[in-house]
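Step one of this worksheet: look at the structure below.
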Amino acid sequence: MKAQALHGHLDALLLAVLERGALHGYAIIEALRIRSDGHLDLPTGTIYPALRRLERAGHVASSWSTVNGRERRTYELTDAGRRALAGERSGWREFSSTVGRFLDPAAPPVAPT
């Protein structure tokens, strides 16, 4: 899946990955890949600008840490980030439900009023 297809949803995905705990950038990319069964294989040029944007918004905090002997920037969710994630989830449920009324062949038709 290409980054363009995620337009408008990448921030929510990153917040959801960080909900499980602090991670460095490459581990975030790996978590996206693993949790999506390989469908989200996003380049660093997509992930790092989004992480910086989330940090500027106060949804993510970063610090330097040593991982396997290497210095890496580690990102973690802030309280504001947890609230933002809750809002993203609510919005996603509403969006998914609405679009599902059109694209789900099992959805009952709605009669015009």
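Please treat every number below as a calculation from the coordinates, not as lab data. The structure presented is a predicted model; accordingly, all values stated were derived computationally and were not measured. No Cβ is skipped: glycine too gets one built from the backbone with ideal geometry, and neighbour counts run over all protein chains shown.
Here the spin labels are modelled as points 7 Å beyond Cα on the Cα-Cβ line, and at ASP41 and HIS7 they lie 2.3 nm apart.
The phi-based Karplus calculation (6.51 cos²θ - 1.76 cosθ + 1.60; θ = phi - 60°) puts the 3J(HN,Hα) values of the range 12-26 at 5, 5, 5, 4, 5, 5, 6, 4, 7, x, 5, 9, 8, x, 5 Hz, whole numbers, x for Gly and Pro.
Taking amide hydrogens as placed 1.01 Å from N in the peptide plane, the amide H of ALA22 sits under 5 Å from that of no residue at least 5 positions away in sequence or on another chain. Scanning residues 5 or more positions from THR74 or on other chains, those with amide H under 5 Å from its amide H are SER63, TRP64, SER65, with H placed 1.01 Å from N in the peptide plane.
How high is the relative contact order of the chain, given as a whole-number percent (alpha carbon pairs under 8 Å, six or more residues apart)? Walk me through the numbers before you get to the answer.
Numbers: 110 pairs, mean separation 29.4, N = 113.
Relative contact order for the chain comes out at 26 percent.
The phi-based Karplus calculation (6.51 cos²θ - 1.76 cosθ + 1.60; θ = phi - 60°) puts the 3J(HN,Hα) values of the range 51-64 at 5, 5, 4, 5, 5, 4, 6, x, 8, 9, 10, 10, 8, 8 Hz, whole numbers, x for Gly and Pro.
For the range 69-83, 3J(HN,Hα) computed residue by residue from phi via the Karplus equation (6.51, -1.76, 1.60; θ = phi - 60°) reads x, 10, 6, 9, 7, 10, 10, 9, 6, 9, 4, 5, x, 5, 5 Hz, glycine and proline entered as x. Excluding ARG73 itself, what net charge comes from residues whose Cβ is under 12 Å from its Cβ, given Lys and Arg +1 and Asp and Glu -1? Every neighbour counted, the sum reads 0.
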